[in-house]
Amino acid sequence: MQNTTIIINGLVLVLLGFSFFKDKSKTMKSLKIAGKSLLKLAPTILSVILLIGIVYGLFSDKIALLFGNENSVNGFILIAVIGSIMHIPSLLAFPLANSFLAEGASISSVVVFITTLTMIGIVTIPLEIKTLGKKFTIYRNVFSFIIAIIIAVLMGVIL
Amino acid sequence: MKKQQNQKFNYKSIIFLGILSIVTLIVIKFSPNNSQKIINTSLEYFIQMATIFPAVLILMGLFSVWVSKDFVMQHLGHQSGIKGIIIAFILGALPTGPMFIAFPMAQGLIKKGASITNIVIFLSAWACIKLPQELVEIQFLGIKFMLLRLSMSIIFITIMGIIINKLVDSKKTTNNQFKN
């Protein structure tokens, strides 16, 4: 993560310099657009950050308990729902998933957990609605939930 | 008119932030065991956002000034077909930041004429098909697991993109954005 931060900032600096060299007024306009978006999105982003903190802080140590009864359909759905509520960067999700597998969790429940964890973010919904609209947000999250379950069941059957 | 409505909407998000801040304080107060974890997690995300988000916004600003609507429409628009789908997957899979950075980027692409199919693919690929992520997945869960999950994700994400495109008209979405 640290590296990508440096790469992105470096890249943007280079592009900004290039843009400034080519057309000063266009560059100023782009900076204005960036500043406006920042002001517009800042409160929502801060809210999302607080939500992630609360959800992770309250529930992260309770996830492991869930995988005890994942063989029932209810347990499986519950894992999918928790995965949707939580929002963990996928790089951290894999070691977590691995430890669940080692403890004897089923492939399907681990896959559904990874997919919902990364693709659906109930905590990021305020930001998604604000930028992409309510209708789009609802469809995307609902369909992601459905395909997460399909992928998980298929992988459970194949592996 | 437009500006006024924008401000009104922002007002709502500021109130939302205020309420959440109070809720956070209450949770921290009444759940001291978890307070450290809550503060650490939020702080970690805040630092990540603070270091990456301004750059992303400037990138979007440059994008909106320099990249023509025709160019985006041609490569990611309704007529872009399979080529557009592949570009959307590649754009999403580039190693970048957390999911919430992708939303304003997707908004910029829609405004420039990208199709909803490709936006759904872009966002989904951003979430679950990252290059460094696949390597970690191999390391922890094995190559067979990774390849199987990757290919199924690609198939189902594409299907999902096509369905959502049918359900949401991209023109309407853009208009709603301006109304909001």
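The values are calculated or read from the model by the stated rules, or taken from the named source; none is laboratory data. Computed from a prediction, not measured in an experiment: that's the story for all the values here. Cβ sites come from the backbone with ideal geometry, for glycine too, and all protein chains shown count toward neighbours. Keep in mind that these areas ignore ligands, DNA and RNA; they rest on the heavy atoms of the full protein, side chains included. Shrake-Rupley method; radii C 1.70, N 1.55, O 1.52, S 1.80 Å.
A convex hull fitted around the alpha carbon atoms of the protein assembly as shown yields 134 Å³ per residue.
Helix A:73-85 axis versus longest C-alpha principal axis of chain A: approximately 20°, rounded to the nearest ten.
Give the angle, between 0 and 90 degrees and rounded to the nearest 10, that separates the Cα long axis of helix A:2-22 from the longest principal axis of the Cα atoms of chain A. Relative to chain A, helix A:2-22 is tipped by roughly 30 degrees.
Once you wrap a convex hull around the alpha carbon atoms of region B:25-86, what is its projected area averaged over all directions, in nm²?
7.3 nm²
If you roll a 1.4 Å probe over region A:5-80 with all protein chains in place, what percent of the accessible area is carbon or sulfur? Roughly 74 percent of what the probe reaches on region A:5-80 is carbon or sulfur.
Above 22 Å, the calculated P(r) of region A:47-158 contains 30 percent of its Cα-Cα pairs. Surface burial for B against A, with a 1.4 Å probe and both sides summed, reaches about 6900 Å² of accessible area. When the solvent-accessible area of chain B is split by element, carbon and sulfur atoms take up 70 percent of it, the probe being 1.4 Å.
Solvent-accessible area per residue in the protein assembly as shown equals 49 Å², computed with a 1.4 angstrom probe and all protein chains kept. Peptide A:110-117 has a mean of 3 when you count, residue by residue, the C-beta atoms of other protein chains within 10 Å of its C-beta. 3J(HN,Hα) along region B:143-152: 6, 5, 4, 4, 5, 5, 5, 4, 5, 5 Hz, from the Karplus curve 6.51 cos²θ - 1.76 cosθ + 1.60 with θ = phi - 60°, whole Hz, x for Gly and Pro.
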